[in-house]
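A short worksheet on the structure shown next.
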Amino acid sequence: MLSEIPATLPHTPLLSAIDQGRPLRELSEEELLELGEELRAYLLYTVGQSGGHFGAGLGVVELTIALHTIYDTPHDRIVWDVGHQTYPHKILTGRMQQMHSIRQAGGLSGFPKRSESDYDTFGVGHSSTSISAAMGMALAAQQQGIKRKVVAVIGDGAITGGMAIEALAHAGHVRPNMLCILNDNQMSIGHNTGGLATYFAKIWASKTYIAMREGSKKILKRIKPAWELAKRTEEHMKGMVAPGTLFEELGWHYIGPLDGHDLPQLLQTLENMKDLEGPQFLHIRTMKGKGFAPAERDPVGYHAINKIEAAPRGPQPGLPAPFPGPKKIKYQDVFGRWLCDTAAMDQRLVGLTPAMCEGSGMVEFSRQYPERYYDVAIAEQHCVTLAAGMACDGLKPVVAIYSTFLQRGYDQLIHDVALQNLDVTFAIDRAGLVGQDGPTHHGAFDLSYMRCIPNMVIGAPSDENECRQMLYTAYDHAGPAAIRYPRGNGPGAVIAHEMAALEIGKAVTVRKGRKVAILAFGTLLAAAKRAGEVLDATVIDMRWVKPLDEELILALAASCDLLVTLEDNAVAGGAGSGVHELLARQHVDTPCLHLGLPDSFVEHASQEEQMAELGLDGEGIVNSVRQALAHKQQTPATVLTAVEALEVGRTR
């Protein structure tokens, strides 16, 4: 077992041979076992160089080897769920030499991606999709008369998703020839099943149940058919606690659970199941972070790591140590602190999340207020409607959810919350561009898909303190409200402990200028201020996307030559569209320039690289504004370049 990430490229002769085209099926069982050790070492080394997910990948090394050995991939289809676990799959399928580029601009995606490799049969980033997709492939092969095996690999967390349950039920009815492998690392379903077992155990051991059971026995024994039915019902209820019975009841042939790290057993089992007809279900038990001691001890903390940098040199003798700058706080932690502070003041507050406790900053809240904390697992639709039900009867629910995951609960947001004007607060994390996780995780559409919903209040804070105050304002508002904020650190604003409600729908003028007004929505305000200095433009911290500060917008439109809207959301239907709709209603023809995310999916890179590529940094804003003004023939023929203009702005 490895206890630290290799600092130098490990010796991997078998892995290199596979990368050069040697089929896995040519390797002996002993060589396959050795290949597993090489694969783990190489995975640790490459992720240490580039950063990325690796805990889940370490847990499926044996499974990945077994699948690509037994099945004729890519002709046979392997559909992975979520994608965090697919780094070993990428290494074994011709991408070994590119692993250093994973999640980097122009490099490999951190998730399966159809355009990247024929072995990536289905693009994925969200969870619970694999069974549906694999079933579709199995039925397509059946209808076209193609002899093909299809395998879905789903984790114990992902199988809690409603979509996965729907697919399991449908497959049991349609009965396609496919295999579903449940990779159970006991990070989610282990607790759920255990909780269910404990629940039934408490019922069966309770005095009330025993009294009812014994009393019923005396009566039912006199009626033999009723007694036999009662016995069968009791045994069936107990049997339902076992996962095998559950899947058998849904129409699947269940095998397991097996040790997912026993490669010889996996090979034999998969070979035996390969030609079975109908829906087959293989349940394996694995350990997240297997083979790397720190990850085995802390699978959550080692779910992913950042690139490991060389250790910095200490201060030279006789020189003072460098003074550390102020530590910037992550927006998720701003939310977490606000949640705890507000819960202390209001007993009605309850916090909900669809399996995003750590990522959303709810760990401390879950410890301080366990009876008011609800992690519903990967079930976004249920999460939103559960909050709606709570709001109906006197609680004040706060739903912490990533922007890209709220998309999955959109009908519930409209039908169950907004239509009934219920008092639910949505804390929307990972809004805008998220960087290296790429297009599956960008929060690119939330302003567009929420802005059109009646009764919604939508806020976009520009810094940490504004985020705290706007969360308080949204919570204080009697109706559905959403505050959206990005991934990562804020600019370093001082956060006031005292909270005060802001006036909803009122913006703040940050800088007064001439001719051009930049209306900044959210954390792009910092870039807007840099551009404003260069352009001598008015800069507005809009704060609210719905309702807009209509009075201020119309006043600016009357006094400026150009209105610029700036947002980290799709331009189509976003905040800028709201501004333009207002001007159109009022028959105002002031030219507008809308800057935001394009009508295309933004590929993975660092957030800084993405912003620069899309022209959403200070330099890009200056360039875009100057081009718009030049097009209207409102600027001199000779102007400074954007870079020169920024330098001028810095020296003012």
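The values are calculated or read from the model by the stated rules, or taken from the named source; none is laboratory data. Note that this is a predicted model, so its numbers are computed, not measured. Remember, those area values only see protein heavy atoms, side chains included, never the ligands or the DNA or RNA. Shrake-Rupley method; radii C 1.70, N 1.55, O 1.52, S 1.80 Å.
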| remark: Sequence order, segment 427-441: Karplus ³J(HN,Hα) from phi using 6.51 cos²θ - 1.76 cosθ + 1.60, θ = phi - 60°, Hz rounded, Gly and Pro as x, gives 9, 9, 8, 6, 6, x, 7, 9, x, 6, 6, x, x, 6, 10
| task | Roll a 1.4 Å probe over the protein heavy atoms and report the accessible area of His477 in Å², nearest 10. | result | 50
| task | Using amide H atoms built 1.01 Å from N in the peptide plane, name the residues 5+ places from Val510, or on other chains, whose amide H lies under 5 Å from its own. | result | Val539, Ile540, Asp541
| request: Could you tell me what percent of the accessible area of segment 319-465 is made up of carbon and sulfur, with a 1.4 Å probe and every protein chain present? | output: 56
| Hey, what do the phi angles of segment 383-398 turn into as Karplus ³J(HN,Hα) couplings, whole Hz, using 6.51/-1.76/1.60 and θ = phi - 60°, x for Gly and Pro? | 4, 5, 6, 4, 4, 4, x, 5, 5, 5, 10, x, 8, 10, x, 10
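Taking 8 Å as the Cα distance limit and 6 or more residues as the minimum spacing, I'd like the relative contact order of segment 533-593 as a percentage.
35
Pop out the Kirkwood hydrodynamic radius of segment 47-155 from its pairwise C-alpha distances, inverse of mean 1/r, in Å to one decimal. Please list the in-between numbers first.
Numbers: mean 1/r = 0.0705 Å⁻¹.
That comes to 14.2 Å for segment 47-155.
Of Phe335, Phe405, which has the most accessible area with a 1.4 Å probe, and how do the rest follow in descending order?
Numbers: Phe335 0, Phe405 20 Å².
Descending order: Phe405, Phe335.
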| Residue by residue, what Karplus-based ³J(HN,Hα) values in Hz, rounded to whole numbers, does segment 368-381 have, using 6.51, -1.76 and 1.60 with θ = phi - 60° and x for Gly and Pro? | 6, 10, x, 6, 10, 10, 10, 9, 8, 6, 6, 8, 4, 4
| query | Going by accessible area, probe 1.4 Å, with all protein chains left in place, what is the ranking of Met135, Met356, largest first? | reply | Met356, Met135
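Can you give me the convex hull volume of the Cα atoms of segment 133-188, divided per residue and expressed in Å³? Before the final figure, lay out each step's value.
On the way: hull volume 3.6 nm³, N = 56.
Spelled out: Cα convex hull of segment 133-188, divided by residues, is 63 Å³.
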| field | 5 angstrom amide H check on Asp259, placed H, neighbours 5+ away | value | Arg285
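Sort Leu419, Leu179 by heavy-atom solvent-accessible area, probe 1.4 angstrom, most to least. Kindly include the intermediate steps, with their values, before the conclusion.
Values: Leu419 120, Leu179 10 Å².
From most accessible down to least: Leu419, Leu179.
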| request: Rounded to whole Å and sorted largest first, list the principal axis extents of the Cα atoms in segment 369-518. | output: 49, 36, 32
| remark: The long-range amide H neighbours of Ala482, using H built 1.01 Å from N in the peptide plane and a cut-off of under 5 Å, are Phe426, Val457, Ile458, Gly459
